[in-house]
Amino acid sequence: MVLKVVGKLPNEKKPYFIKNGEGERYLFGTQVASIVATTDSTGDMMEIVQLWGGKGDSFPAHVHEQAHEGIMVLDGRLEVELNGQLYLLTAGDYVSIPAGTVHSYRMQSHRTRFYSFTINGHVAKLYSLIGEPFTKFERPPVPTNLLNSDIFKQIPTGIDIKFVTSHPIDGLPQWVNGSSIPQEVQPYVLESGGGVHLLSGDTVHTLLTTKAATDSKFLVLVSEGPKGQAIGEHAHELTNETFMCLQGEMTLWVDGEELHLLPGDFAYVPANTPHRFRCDAHYTKFFGLLTPGEFEDFFRILGDPYEHPIFPSDPAPYRFDRVIQRIHELDLKLLGKPPGAPPAAVEEVH
């Protein structure tokens with residue numbers, strides 16, 4: 001049974017589904033933090049928060065001593081400081097922030113929204129401490145409670161955050177134009193469309209992290225594909241997986257239950273849970289966070305290196321046969337007939 005969350009998240013590891021804007025929400029100033037995953041709800045060191053606010057809204061410089069953070073911009077412009085260097089991010093840009101990295105942000109659009117996730121640290125509870133429970137679905141235009149900076153000094157030690165004084169380098173922030181992932185754990189930025197592209201049939205999987213860049217703790221990727229058939233039902237013995245619809249629409253079957261995801265919807269699929277999915281719009285894009293990061297090997301075996309971030313007009317060969325040949329190396333248990341090649345496109349007659 002998939003828990004459909006309205007309000008408080010589950011306090012144990014189980015599959016659950018949150019429609020966009022639901023879940024636990026906290027207001028601080030004119031920013032809203034919508035909590036979609038915690039260490040309790042995932043039974044894992046994975047936490048995910050959707051944050052949104054207005055132009056000028058910010059969060060002060062800090063470090064996480066244990067947690068590795070990632071930021072994916074959804075709407076607007078977000079200025080991020082990484083160890084003194086300022087970057088200006090727009091929709092689709094990604095930032096990797098390893099533990100110990102000084103960072104802060106300032107929103108530069110009247111509507112700015114992004115996902116922040118942390119691995120290996122307790123951070124999400126912070127928002128319930130600095131904010132107030134929020135029952136509305138959109139942020140207020142003016143603050144109903146001013147954020148007192150003194151509250152940051154009262155954060156309990158169990159929260160993995162330490163506020164620091166930063167000294168940003170003078171000058172305008174840099175536009176994000178990086179497209180490659182470093183081969184070691186270090187801060188980096190990726191522009192929208194950057195990363196490692198792997199084409200499998202009619203779908204492009206773009207890795208935004210690799211095992212080398214996260215010490216194998218997690219994997220982040222964006223998948224883009226056309227309307228098509230469902231992939232085969234399967235489960236993972238060790239890998240926990242999330243599905244966050246960014247554009248289009250998709251159907252996700254979790255333990256036999258059918259879920260329909262639109263942009264902003266979130267589903268958590270823990271290890272040992274049967275699942276499969278299908279893209280239902282002519283262009284569908286979704287974001288995935290997987291723990292640990294070893295499942296990267298599956299995408300590299302299934303897909304072929306590809307230079308473009310968007311799927312081709314004509315599907316490439318679907319090489320699931322390579323997965324079958326090496327399935328003993330992968331955290332993958334097939335529960336149905338292995339999927340075949342995507343059906344050939346049929347032109348519509350008008």
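How about the range 128-202: which trypsin sites (Lys or Arg not before Pro) there are in a DSSP loop, with at most 15 other Cβ atoms within 10 Å of their Cβ?
Values: sites: 136, 153, 162; in loops: 136.
Within the range 128-202, the qualifying trypsin sites (Lys or Arg not before Pro) (loop, at most 15 other Cβ atoms within 10 Å) are 136.
What does the charge count around residue 62 come to, taking other residues whose C-beta lies under 11 Å from its C-beta (Lys +1, Arg +1, Asp -1, Glu -1)?
Working: positive: 162; negative: 65, 69, 81, 160.
Value of the local net charge: -3.
Dipole magnitude of the range 165-262 about its Cα centre, charges +1 at Lys/Arg Cβ and -1 at Asp/Glu Cβ only, in debye to the nearest 20?
320 debye
Dipole of the range 79-190, Cα-centred, from +1 at each Lys and Arg C-beta and -1 at each Asp and Glu C-beta, to the nearest 20 debye?
Values: 8 positive and 9 negative charges, 68 e Å.
Dipole of the range 79-190, to the nearest 20 debye: 320 debye.
Spelling out what I want: for every residue of the range 204-213, take phi, set θ = phi - 60°, compute 6.51 cos²θ - 1.76 cosθ + 1.60 (Karplus), and round to whole Hz; glycine and proline get x.
9, 9, 10, 6, 9, 9, 9, 4, 5, 7
Give the residue from 143, 179, 275 lying farthest towards the positive end of the charge dipole for the chain; charges sit on Cβ (+1 for Lys and Arg, -1 for Asp and Glu) and the dipole is referred to the Cα centre.
143
Where the accessible area of the chain is counted over protein heavy atoms with a 1.4 Å probe, how much of it, in %, is carbon and sulfur? Let's see the in-between values first.
Working: 8030 of 15800 Å².
Ligands and nucleic acids excluded, carbon and sulfur give 51 percent.
What dipole magnitude, in Debye to the nearest 20, does the chain give about its Cα centre under +1 on Lys/Arg Cβ and -1 on Asp/Glu Cβ?
On the way: 28 positive and 43 negative charges, 127 e Å.
Its charge dipole is roughly 600 debye.
Identify the trypsin sites (Lys or Arg not before Pro) of the range 241-346 meeting these criteria: DSSP loop state and at most 14 other C-beta atoms within 10 Å of the C-beta. Each step should come with its number before you reach the end.
Working: sites: 276, 278, 285, 300, 319, 322, 326, 333; in loops: 319, 326.
Those that pass, being in a loop and sparsely packed, are 326.
Before I look further, what does the chain give for accessible area per residue, probe 1.4 Å, in whole square angstrom? Walk me through the numbers before you get to the answer.
Working: 15800 Å² over 350 residues.
I get 45 Å² per residue for the chain.
Apply the Karplus curve 6.51 cos²θ - 1.76 cosθ + 1.60, θ = phi - 60°, to the phi angles in the range 186-194 and return the couplings in whole Hz, x for Gly and Pro.
Karplus-based 3J(HN,Hα) across the range 186-194 equals 7, x, 7, 10, 10, 6, 4, x, x Hz.
With θ set to phi - 60°, apply the Karplus curve 6.51 cos²θ - 1.76 cosθ + 1.60 along the range 314-330 and write out the HN-Hα couplings as whole Hz, x wherever there is a Gly or Pro.
Whole-Hz 3J(HN,Hα) from phi for the range 314-330: 10, x, 7, x, 9, 9, 5, 4, 5, 5, 4, 5, 10, 5, 5, 8, 10.
Contour minus end-to-end for residue 324 and residue 255, with contour as 0.36 nm per residue of separation and end-to-end as the Cα-Cα distance? Provide the component values of the computation, followed by the final result.
Working: separation 69, 0.36 × 69 = 24.84 nm, distance 2.27 nm.
Answer, rounded to one decimal: 22.6 nm.
Please identify every one of the GluC sites (Glu not before Pro) in the range 1-100 that sits in a loop by DSSP and has no more than 13 other beta carbons within 10 Å of its own beta carbon. Could you put the intermediate results ahead of the total?
Working: sites: 12, 22, 24, 47, 65, 69, 79, 81; in loops: 12, 22, 65.
Counting only loop positions with at most 13 other Cβ atoms within 10 Å, the GluC sites (Glu not before Pro) in the range 1-100 are 12, 65.
Summing -39500 (n - 2.57) over the DSSP H runs of n ≥ 4 in the chain and dividing by its residue number, what mean residue ellipticity at 222 nm do you reach, to the nearest 500 deg cm²/dmol?
Working: 5 runs with 26 residues, N = 350.
Counting only the DSSP helices, I get -1500 deg cm²/dmol.
Take the Cα atoms of the range 82-148, build their convex hull, and give its volume per residue in Å³. Spell out each step's value before the answer.
On the way: hull volume 9.7 nm³, N = 67.
Cα-based convex hull of the range 82-148, divided per residue, equals 145 Å³.
Over the chain, what per residue volume does the convex hull of the Cα atoms give, in whole Å³?
Hull volume over Cα atoms, normalised by residue count, gives 145 Å³.
Using only C-alpha positions, report the orientation-averaged shadow area of the convex hull of the range 137-251, nm², one decimal. Intermediate values should be presented prior to the final figure.
On the way: hull surface 51.6 nm².
Average projection, Cα convex hull of the range 137-251: 12.9 nm².
The values are calculated or read from the model by the stated rules, or taken from the named source; none is laboratory data. Quick caveat: nothing in here was measured; it's all calculated off a predicted structure. Cβ sites come from the backbone with ideal geometry, for glycine too, and all protein chains shown count toward neighbours. Areas reflect the complete protein model, heavy atoms only, side chains present, ligands, DNA and RNA absent. Shrake-Rupley method; radii C 1.70, N 1.55, O 1.52, S 1.80 Å.
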